[in-house]
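Here's the structure, in structure tokens; my notes come after.
The values are calculated or read from the model by the stated rules, or taken from the named source; none is laboratory data. Please read these numbers as outputs of a predicted model, since none were measured by experiment. Methodologically, a virtual Cβ is constructed for each residue, glycine included, from the backbone with ideal geometry; neighbour enumeration extends over all protein chains shown.
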Amino acid sequence: MDVITIGESMAVFTPINSGQMKQATTFVRTIGGSESNVAIGLARLGHRVGWISKVGDDEFGKAILSFLRGEGIDISQVKVVPKTFTGIYFKEKRRHNDTRVYYYRRGSAASQLSPSDLDEEYISKAKYLHITGITPALSKSCEETIFAAIAMARYYKVKVVFDPNIRMKLWSNLDVARDVLFRIAIQSDIILPGITEVAFLLGDGTIEKWGRQLIEMGVSLVVIKLGERGAHYFTKTNHDYIQGFPVKYVVDPVGAGDGFTAGLLSGLIDGLSVADAVRRANAVGALVTMVEGDTEGMPEREDVERWIGQQREDVTR
């Protein structure tokens with residue numbers, strides 16, 4: 001297994017027309033969730049991926065399992081919880097560049113994840129364990145599950161990849177959030193924060209200061225994301241900035257960060273240099289924004305290679 005990820009996937013409802021959701025009458029139902037988005041992104045790029053979670057014994061849970069199975073993702077570690085619901089969220093596209101999301105997930109099946117749901121042997125066979133800051137915010141048992149998974153991964157020398165993916169709405173206490181996410185960060189091999197997330201974790205500073213601080217804490221690779229402007233990466237021996245790929249018209253920004261993570265891990269699995277892996281991450285993230293939906297824009301390998309090639313041609317003309 002190349003990558004194993006842990007987290008909640010939900011049914012996503014999006015009005016067919018832009019504007020305030022209170023005026024919407026017709027919705028499109030898709031599937032979304034940061035960790036499963038990453039899994040889908042990696043699978044489309046040709047990698048072997050497993051997803052650990054729980055879903056409700058309802059039609060939405062069945063839809064999620066069917067969809068992920070169809071994408072080639074191993075769902076053998078997903079449990080169906082009787083008499084429990086699968087989480088949902090609504091995506092409100094008020095106007096261009098103003099997308100809002102509303103979650104209905106408290107008490108969902110995935111929020112009942114516990115350390116007993118983890119198969120140590122299964123995790124031991126992965127190259128990377130991907131986690132986000134969303135899952136530990138769902139419940140105390142989810143938090144315990146994430147730390148148990150990290151401990152297993154570190155014991156078997158599986159690299160831990162952490163995207164803070166901070167969702168303030170999920171945390172009742174920001175000090176608790178900072179403490180939990182910081183403890184995950186310093187136990188990770190790779191961390192992928194956005195610039196506001198790294199500022200939340202470490203306080204005031206500069207990109208270079210934050211990057212070096214995390215490296216000094218024991219993180220092997222730090223990638224600080226700047227959205228469409230690209231990303232800075234830091235290792236023990238190097239620091240560089242990789243320019244992003246401009247997108248003239250962003251259709252849907254949700255899922256772009258997950259695409260970035262999938263692209264980065266894909267590059268590392270393929271043995272690319274860190275710089276080229278970040279470049280692939282930038283490309284995948286950009287491509288995701290061009291299509292409506294959390295996962296619908298996750299590209300296949302040939303799409304990414306063609307996109308990178310076209311951008312390089314434009315630069316050299």
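General observations
- Filter result (within 16 Å of Thr235 (Cα to Cα), assigned to a helix (DSSP H, G or I) and either free of Cβ contacts under 8 Å to residues at least 12 places away in the same chain or in contact with a His (Cβ under 7 Å, 6 or more places away or on another chain) (or both)) within the range 269-282: Asp276
- Residue in the range 282-299 that is closer than 21 Å to His47 by Cβ, surrounded by fewer than 19 Cβ atoms within 10 Å (Cβ to Cβ), among the small types (Gly, Ala, Ser) and at pLDDT 85 or above present: no
- Breaking point among (1) over 17 Å from Val291 (Cβ atoms); (2) in contact with a Ser or Thr (Cβ under 8 Å, 6 or more places away or on another chain), for Leu45: (1)
- The range 1-16, subset over 14 Å from Arg100 (Cα atoms) and polar (S, T, N, Q), residue farthest from the chain's Cα centre (by Cα): Ser9
- Each residue in the range 55-91 was checked for being acidic (Asp, Glu), surrounded by fewer than 18 Cβ atoms within 10 Å (Cβ to Cβ) and touching a Lys or Arg at 6+ places or on another chain (Cβ under 9 Å), and 1 pass.
- Residues of the range 229-253 satisfying the condition of being in contact with a helix residue (DSSP H, G or I) (Cβ under 7 Å, 6 or more places away or on another chain) and acidic (Asp, Glu): Asp240
- Selection of the range 82-97 for residues being out of contact with any Ser or Thr (no Cβ under 9 Å at 6 or more places or on another chain) and more than 17 Å from Ser34 (Cβ to Cβ) yields Pro82, Lys83, Asn97.
- Of the set (1) in contact with a helix residue (DSSP H, G or I) (Cβ under 7 Å, 6 or more places away or on another chain); (2) among the β-branched types (Val, Ile, Thr); (3) assigned to a helix (DSSP H, G or I), all apply to Ile215 but (1).
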